[in-house]
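Visitor: My questions all concern the structure below.
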C-alpha cells in the first residue's frame, strides 16, 4: 500500500516537473519597458489633434493631458493591488472572472479579443506604415494598398518573433522603448530651444485659454477619451503577471516608475508642439510630428517619420505580446477554444494565441480606415477599467481577510469610479453614434459573440473532460505544443 502511494506521489511530482509553463523572464527593466512600450505607441502622434479639437484651447488641452496621466496613475494603483492579490496572467479578464464569475469575464474577454485589441493594433500598425511611407509621398497621402500591405508585413514579422522567443520579444521591447523615448526627447529638446528663444506665444496664459468654441462637459469628456487612447496600455503588465520575476515587488515598482514618466513625456511633448505650431496649424495637420519636423528640422525633417515608425513598431510588439497572453488565459479558463491555451514545447510561447491576435488584426486592417474608432475603442477600454476597479471594491467587501501585499486607500478606486462614470456618461451623451450602440461594430461582432457563447459551453465541457482524464503537460502535445495547466488557488 505504501509502495503504491509512493509511486502515485512520484507520478504526480513527475507530472508537475514535466508540465510546460510560461517562464519568468521579465525583470524590472523589461516590466517598465512593457508598460512604457505599450503606452507610447501611435497615440501621442495622433491624439493631440483630437484633444485640442474637443478641448477648444491650448491651456485646457494641456490640463487634459496632465489629468489624464493622473487618472491612469489612480487606476494603475488599483491594478497593482489586484495584480499581487490575484497573481494570474490575463489582466482585467482574470480579475473580473475571479471576482464576478465566468459570464462577466467571458463577455469582457470576447469584446477585448474581437474589438478592443485588434482595432488598437490596426490603428498603431497603420500609423507605422503611414509614417514609413510618408517621405516617399511628400505631396500626397500614401496609397491605401501600400499602407495595408506594409502594416500586414510588420504584424506578421512581429508575430513570428513573439512565436519564436519570449526573450527576443522582450529585447525588441527594451530596444524600441529606448528608441521611442529618444524620439520624443528630440521633440521635447527642440521645443525647449524654441521656448528659450521666445517662441511660446501659444503658451502665454492670455492666449492659451482663448477658446475656439464654448467649452462643455461633453466636449471635455471627449477630449479625455482622445487622451486616454494615447495612455492606453498602462495596465498591460498585469496581462503577463505570471512571467514577471518577483511580481509582488516588480509589478508595483514598474507601475510607479512608468506612469509618471509617461505623463511627464506626454505633457512636455505637447508643450513642444505648441512652441512651434499655432493651434490652427496643429488642427490642420494630418501628421503632427511630421509638420513639427518640417518647420524646425529643415533638411533633417526625415528624422521625425522614422522616429515615429520606431515608436509604433515597439507599440505593435508590446500589444501583440500582451494581448496574446489574454487569449491564452481565456482559453485556459475555458472561455475560448482550449487550443489557444497550448504552449510550444521548445520555445514556451503561446503560438495559437499569437496567431489568433495576428489574424484578427489583419482582418481589421482589411476592413478600412480605423482612425474614427479611437473614441469608440477608448470608450470600451474605460468600461473595462471601471468594471475591474469596481471589482476591487467588491472583493474588499466579499473577502476582507484576503492577503493583500498591496492595499490602496479606498479613496483611490472611489475617485477613479466617479471620474469614470462622469466621463462615460457625458461621452455617450455627446457622441452616441461613436461611443454607444449606434456604432456598427456592435452589430458586426454580435454573431461572433453569439457563436462564442456556444464555443464557451462546448469548451467548458471539453476542459472538464481533459482535466478528468489528466490531459496536461506532455500528454497534451499537438505539433510540438503543450497545454498549460489551469490556475489553482
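Visitor: Report every pair of residues separated by at least 6 positions or lying on different chains whose Cβ atoms are under 7 Å apart, first residue within region 162-179 and without any contact (Cβ under 8 Å) to a residue 24 or more places away in the chain and at negative phi, second surrounded by fewer than 22 Cβ atoms within 10 Å (Cβ to Cβ) and part of a helix (DSSP H, G or I).
Guide: From residues that are without any contact (Cβ under 8 Å) to a residue 24 or more places away in the chain and at negative phi, the pairs are 168/161.
Visitor: Any chance you could count how many residues in region 195-207 are surrounded by fewer than 20 Cβ atoms within 10 Å (Cβ to Cβ) and in a helix (DSSP H, G or I)?
Guide: So the answer is 7.
Visitor: Let me ask something additional. Filter region 87-104 down to residues that are buried (at least 24 other Cβ atoms within 10 Å of the Cβ) and not in a loop (DSSP other than H, G, I, E, B), then give me how many there are.
Guide: 6
Visitor: Give me the pairs: first residue in region 341-366 and within 14 Å of residue 165 (Cα to Cα), second residue at pLDDT 85 or above and surrounded by fewer than 19 Cβ atoms within 10 Å (Cβ to Cβ), beta-carbon distance under 8 Å, and six or more apart or on different chains, which are they?
Guide: Matching pairs, first to second residue: 347/164; 349/164.
Visitor: Would you point out the residue of region 283-299, among those that are in contact (Cβ under 8 Å) with a residue 60 or more places away in the chain and buried (at least 20 other Cβ atoms within 10 Å of the Cβ), that is farthest from the chain's Cα centre (by Cα)?
Guide: Per the criteria, the residue is 296.
Visitor: Confirm whether residue 192 is surrounded by fewer than 19 Cβ atoms within 10 Å (Cβ to Cβ), at pLDDT 90 or above and under 23 Å from residue 305 (Cβ atoms).
Guide: When the stated conditions are applied, residue 192 passes them.
Visitor: Looking at region 208-224 only, could you name the residues that are assigned to a helix (DSSP H, G or I) and either surrounded by fewer than 16 Cβ atoms within 10 Å (Cβ to Cβ) or touching a helix residue (DSSP H, G or I) at 6+ places or on another chain (Cβ under 6 Å) (or both)?
Guide: Hits for region 208-224 are 208, 217, 218, 219, 221, 222, 223, 224.
Visitor: Then there is this: If only one of 293, 314 is part of a helix (DSSP H, G or I) and closer than 30 Å to residue 168 by Cα, which one is it?
Guide: Being part of a helix (DSSP H, G or I) and closer than 30 Å to residue 168 by Cα holds for just one of 293, 314, which is 314.
Visitor: Another one. If residue 397 passes every condition in (1) part of a helix (DSSP H, G or I); (2) over 21 Å from residue 96 (Cβ atoms) but one, which one does it miss?
Guide: It is condition (2) that residue 397 fails.
Visitor: Part of a helix (DSSP H, G or I), touching a residue at least 12 places away in the same chain (Cβ under 8 Å) and under 24 Å from residue 53 (Cα atoms): is that true of residue 228 in this structure?
Guide: Judged against the criteria, residue 228 is a match.
The values are calculated or read from the model by the stated rules, or taken from the named source; none is laboratory data. Just so we're clear, the structure is a prediction, and the values are computed from it rather than from any experiment. Here the Cβ is made from the backbone with ideal geometry for all residues, glycine too, and neighbour counts use every protein chain on show.
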